[in-house]
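Asks: The structure that follows is given in the form of structure tokens.
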Amino acid sequence: MPRPGYPLTILEFQKRFATEEACRGYLFASRWPEGFICPGCAACDVGAETRRHLWICTGCGRQTSITAGTVMHKTRMALRTWFWAAYLVSTFHPGISAKQLQRQLGISRHETAWAMLHKLRAAMVAPERTLLKDAVEIDEFFLGGYEEGLKGGRQRGKKVLCGVAIEVRGRGSGRLRLAVLPDASGPSLLAFTQATTQPGAVVHTDGLQSYRALAKHGYDHRRLTQTDVAAGDQLLPRAHRAISNLKAWMHGTHRGVSPEHLAAYLDEFVFRHNRRRTPMAGFQTLLGLGLARAPITYREIIDQAA
Ligand SMILES: [Zn+2]
């Protein structure tokens, strides 16, 4: 049996996850699609569910929580609130801010909404590791110029150099990757290309000298200059479209972010871009279902920001 599916509409979502019990049932089915397996002794016989919603193995007596390993582990927030937060974050197209999440779900403290949002965003990194292939546009660009702190105060910040890699699919775009770059040197751009794009791929770049090393590392490098395209056309149209969408989103939803959190926002944009045709599918990933990864704590988020 595969992982349970996800609802396709908001009405279906509302109906399916109407109670805490329904959410717990969904978590149980996501966690053990083949039936219960004890992480302690691998026995398959699940016993009773305790009042605190732990499952007791009949073999060894070990108690297992259905939220262990998910973003919901050890939170006091209702599962329904988490499900709705994951739903809003994965489907709300321009992306949702902590303030909007707090208001929509009636979360009393801003810090709680903010921490939830960051935990959900942390789950946006893992699925994006496979390399882009066939034909890819690669470019670099500056982002930011001002930042916003946790308390909402705005300060002047530095512009941050980022790299964009996007697949060419006919006249449209395929998958996207974004990353913060240390600089625009040859080694940095080669490292970005190697981290995002499969060797052998056709790589389109502008005329920047730093890209010259790509051909020596197995890429079919096509250097474009303005004379290669018709007047008024973009050199790398897919990369430029992604960059302008990213900038509009950053300004519209978040009004600038601190450089410490920038990488997480880039991941969020990439996650949503790559699921733009199946936004609901992201909801399971965000909750951490089926991911063998330790959940990120509020403390870790704060430490990252320090
Ligand atoms: Zn056991």
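The values are calculated or read from the model by the stated rules, or taken from the named source; none is laboratory data. This is a predicted model, so every value here is computed, not measured. Neighbour counts are summed over all protein chains in view; Cβ atoms, including those assigned to glycine, are modelled from backbone coordinates with ideal geometry. Heavy atoms of the whole protein, side chains included, go into the accessibility calculation; ligands, DNA and RNA do not. Shrake-Rupley method; radii C 1.70, N 1.55, O 1.52, S 1.80 Å.
Asks: How large is the helix-only mean residue ellipticity at 222 nm for the chain, computed as the sum of -39500 (n - 2.57) over DSSP H runs with n ≥ 4, divided by its residue count, in deg cm²/dmol to the nearest 500?
Replies: -10500 deg cm²/dmol
Asks: Say we join alpha carbon atoms closer than 10 Å with springs in a Gaussian network model of the chain; which of Ile107, Ile243, Ile166 then has the biggest fluctuation?
Replies: Ile107
Asks: Calculate the dipole size of the chain relative to its Cα centre from +1 charges on Lys and Arg beta carbons and -1 charges on Asp and Glu beta carbons; express the result in debye to the nearest 20. Intermediate results must be reported in sequence, preceding the final value.
Replies: Details: 41 positive and 25 negative charges, 132 e Å.
Here the chain has a charge dipole of around 640 debye.
Asks: Compute, for the stretch 157-251, the length of the dipole vector about the Cα centre, with Cβ point charges of +1 (Lys, Arg) and -1 (Asp, Glu) only. Units Debye, rounded to 20.
Replies: 200 debye
Asks: Gain in length, Thr58 to Lys216, computed as 0.36 nm per residue apart minus the alpha-carbon separation, to one decimal in nm?
Replies: Contour length minus Cα-Cα distance gives 50.9 nm.
Asks: Any idea how far apart Val202 and Ser258 come out in nm if each label point goes 7 Å out from Cα toward Cβ?
Replies: Placing both labels 7 Å along Cα→Cβ, they lie 4.4 nm apart.
Asks: At a 1.4 Å probe, what is the % contribution of carbon and sulfur to the accessible area of the chain?
Replies: Roughly 53 percent of what the probe reaches on the chain is carbon or sulfur.
Asks: Could I ask something else about it? Accessible area, 1.4 Å probe, largest first: how do Val125, Val89 sort?
Replies: Ranked from most to least accessible, the order is Val125, Val89.
Asks: Please determine, in degrees from 0 to 90 and to the nearest 10, the orientation of helix 110-122 with respect to the longest principal axis defined by the Cα atoms of the chain, where the helix direction is its Cα long axis.
Replies: 70 degrees
Asks: Please report the antiparallel percentage of DSSP beta bridges with both residues in the chain, rounded to the nearest 5.
Replies: 75 percent
Asks: Next up: Once you order the gyration tensor axes a ≥ b ≥ c over the Cα atoms, which shape class does the stretch 160-280 get: rounded for a/c under 1.5, otherwise prolate or oblate by comparing a/b with b/c?
Replies: Taking the square roots of the gyration eigenvalues as a ≥ b ≥ c, the stretch 160-280 is prolate.
Asks: Once you have all Cα-Cα distances for the stretch 29-148, histogram them in 5 Å bins from zero and send the whole-percent values.
Replies: Binned Cα distances yield the sequence 2, 8, 14, 15, 13, 13, 12, 10, 6, 3, 3, 1.
Asks: Whole number in Å², please: accessible area per residue of the chain, 1.4 Å probe, ligands, DNA and RNA not counted. Please list the in-between numbers first.
Replies: Working: 15800 Å² over 306 residues.
Dividing the accessible area of the chain by its residue count gives 52 Å².
Asks: Still on this structure, please answer the following. Could you compute the FRET efficiency for Gln226 and Gln100, with r as their C-beta to C-beta distance and R0 at 35 Å, rounded to 0.05?
Replies: Once rounded, the FRET efficiency stands at 0.25.
Asks: Give me the angle, in degrees from 0 to 90, between the Cα long axis of helix 237-249 and the longest principal axis of the Cα atoms of the chain, rounded to the nearest 10.
Replies: The helix 237-249 is inclined about 50 degrees to the chain.
Asks: Still on this structure, please answer the following. Please find the FRET efficiency linking Asp233 to Leu11, where r is the Cβ-Cβ separation and R0 is fixed at 45 Å, and quote it to the nearest 0.05.
Replies: 0.55
Asks: Leaving ligands and nucleic acids out of the surface, order His217, His73 by accessible area at 1.4 Å, largest first. Walk me through the intermediate numbers first.
Replies: On the way: His217 85, His73 55 Å².
Per-residue accessible area, sorted high to low, gives His217, His73.
Asks: May I ask you to derive the FRET efficiency for Ala42 and His73 from their Cβ-Cβ distance with R0 = 22 Å, giving the value to the nearest 0.05?
Replies: Values: r = 21 Å, r/R0 = 0.97.
The formula returns an efficiency of 0.55 here.
Asks: Using Cα-Cα distances under 8 Å and only pairs 6 or more residues apart, what relative contact order does the chain have, in percent?
Replies: Values: 474 pairs, mean separation 64.4, N = 306.
Computed value for the chain: 21 percent relative contact order.
Asks: Rank Leu79, Thr64, Phe269 by how far each Cα sits towards the positive end of the charge dipole of the chain (+1 on Lys, Arg Cβ; -1 on Asp, Glu Cβ) and give me just the farthest.
Replies: Leu79
Asks: What whole-number volume per residue, in cubic angstrom, does the convex hull of the C-alpha atoms of the chain give?
Replies: On the way: hull volume 50.3 nm³, N = 306.
It is 164 Å³ per residue.
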